[in-house]
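The values are calculated or read from the model by the stated rules, or taken from the named source; none is laboratory data. What you see is a predicted model; the values in this text were computed from it and never measured. A quick note on method: Cβ atoms are made from the backbone with ideal geometry, for glycine too, and the neighbour counts reach across all protein chains shown.
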Amino acid sequence: MKKAAVIGFPISHSWSPLIHNYWLKEYGISGEYEKIEIESGSLKDLILDKKNDNEFTGLNVTIPHKEHAAEICDQLSENAKKLGAVNLITFKNNIAYGNNTDGDGFIESMKETFPEIVIPKMKIAIFGAGGAAKSIALSLSKYKPEKMFIFNRNIVRAAELVKKLKIAAEPLHVDKLKDFERSFDLLINATPLGMAGVSDQSSFDFKNIKGLNFFVDIVYNPKKTKNMILAEEQNIKTMGGLGMLLHQAVPAFEAFYGKKARVSSGLRDYIAKHISRIEKWL
């Protein structure tokens, strides 16, 4: 029986077991997928242990272990090398191979939601400079957008992101977003801003953002964020974070169980119902 797991600390927040176990049942695959809470000091031993377990095919990695796990892997994909972080480890012939599928999951979700989008013709603004912003910026850069801006409260961090990834993007302080003279087509919130349980519930001033046609919020709890509602009031098309969460899991499931899974409406509804239950408790 093929086995896999998601690791992190804490791990209670992870939706990965719901997603992977849904697919295991849907495709009639005999396999197991669990969540493992592990502290940083025990991470290397765990990865080495699972690498040498013939039944174990791989691991998903969530916060705070993505960077540390990348250092432990024997080999890294080009994405993982540039990002210095992994969210997927696969085991084969006693080799731990690290990959990062977050950014590609974002692209697939955006293509699904906005089929009319042509990235090379777009001016794109990314709000945030953390791990998610890095993954998204790197994946978008491969399509060579017309312009890309990285807005962050710490402009040094935004500049470091651009330098490390070697992408064509302009780092700017978040205050510039309010009175930005140039327009852009797509704004992406790549921070926890607006997430259920997060103290910072501030919003974007969509009325004064020039030329904006699309807004993407990587937050998926709540399913429709305050910023998405405000954007829609200005006739801006929106996308939430659920699609990115589901699409980044597709290559992991194929690596673990040898089956390319589909992000179906049934899966979306199944996960959305669980998210709604959590919302009621918050």
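The conditions of being of a type outside the set (G, A, S) and within 30 Å of N189 (Cα to Cα) are not met by T57. Could you identify the single residue in I89, I47, I38 that is touching a Cys at 6+ places or on another chain (Cβ under 9 Å) and more than 21 Å from M244 (Cα to Cα)? One residue alone meets the criteria, I47. State whether the residues of the stretch 65-78 include one that is surrounded by 23 or more Cβ atoms within 10 Å (Cβ to Cβ), within 25 Å of K35 (Cβ to Cβ) and touching a helix residue (DSSP H, G or I) at 6+ places or on another chain (Cβ under 8 Å). Yes, the conditions are met somewhere in the stretch 65-78.
Taking the stretch 87-172 as the region of interest, the helices (runs of 4 or more DSSP H) fully inside it that hold 1 or more residues being over 18 Å from the mean Cα position of the chain (by Cα) and not assigned by TED's automatic domain parsing to the domain that holds H68 are 155-165.
This table checks each residue for (1) part of a loop (DSSP other than H, G, I, E, B); (2) in the same structural domain as E116 (by TED's automatic domain parsing); (3) of a type outside the set (D, E, K, R).
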site: G211; (1), (2), (3): yes, yes, yes
site: F215; (1), (2), (3): no, yes, yes
site: V219; (1), (2), (3): yes, yes, yes
site: K223; (1), (2), (3): yes, yes, no
site: E232; (1), (2), (3): no, yes, no
site: N235; (1), (2), (3): yes, yes, yes
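Looking at D49, is it in a helix (DSSP H, G or I) and closer than 16 Å to E254 by Cβ? Considered against the rule, which asks whether it is in a helix (DSSP H, G or I) and closer than 16 Å to E254 by Cβ, D49 comes out as no. In the stretch 80-117, the residue that is surrounded by the most Cβ atoms within 10 Å (Cβ to Cβ) out of those that are in contact (Cβ under 8 Å) with a residue 60 or more places away in the chain and of a type in the set (S, T, N, Q) is N87. Determine if the stretch 37-44 includes at least one residue that is of a type in the set (S, T, Y), part of a loop (DSSP other than H, G, I, E, B) and within 24 Å of the chain's Cα centre (by Cα). No, there is no match, as no residue in the stretch 37-44 is of a type in the set (S, T, Y), part of a loop (DSSP other than H, G, I, E, B) and within 24 Å of the chain's Cα centre (by Cα). You will find that of E67, E55, E78, E71, the residue that is among the charged types (D, E, K, R), touching a Lys or Arg at 6+ places or on another chain (Cβ under 6 Å) and more than 22 Å from N213 (Cα to Cα) is E55 and no other.
Identify all residues within the stretch 129-166 that are of a type in the set (V, I, T), touching a strand residue (DSSP E or B) at 6+ places or on another chain (Cβ under 7 Å) and farther than 17 Å from N87 by Cα; write none if there are none.
Within the stretch 129-166, the first condition is being of a type in the set (V, I, T), and the residues that meet it are 136, 150, 155-156, 162.
Next cut, touching a strand residue (DSSP E or B) at 6+ places or on another chain (Cβ under 7 Å) only: 136, 150, 155, 162.
Once the filter is applied, which keeps residues that are of a type in the set (V, I, T), touching a strand residue (DSSP E or B) at 6+ places or on another chain (Cβ under 7 Å) and farther than 17 Å from N87 by Cα, the stretch 129-166 yields I150, I155, V162.
Looking at the structure I just gave you, is I271 more than 29 Å from G98 (Cα to Cα), touching a Leu at 6+ places or on another chain (Cβ under 8 Å) and at pLDDT below 95? When the stated conditions are applied, I271 does not pass them. As for the stretch 138-153, it holds at least one residue that is crowded, with 17+ Cβ neighbours inside 10 Å and of a type in the set (G, A, S).
Here's the yes/no breakdown for (1) closer than 27 Å to W15 by Cα; (2) surrounded by fewer than 16 Cβ atoms within 10 Å (Cβ to Cβ); (3) basic (K, R); (4) at pLDDT below 90:
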{"site": "D175", "(1), (2), (3), (4)": "no, yes, no, yes"}
{"site": "D179", "(1), (2), (3), (4)": "no, yes, no, yes"}
{"site": "G194", "(1), (2), (3), (4)": "yes, no, no, yes"}
{"site": "V198", "(1), (2), (3), (4)": "yes, yes, no, yes"}
{"site": "G211", "(1), (2), (3), (4)": "no, yes, no, yes"}
{"site": "V216", "(1), (2), (3), (4)": "yes, no, no, no"}
{"site": "E233", "(1), (2), (3), (4)": "no, yes, no, no"}
{"site": "I236", "(1), (2), (3), (4)": "no, no, no, no"}
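Only one of the numbered conditions (1) within 23 Å of R262 (Cα to Cα); (2) without any contact (Cβ under 8 Å) to a residue 12 or more places away in the chain is not met by H20, and that is (2).
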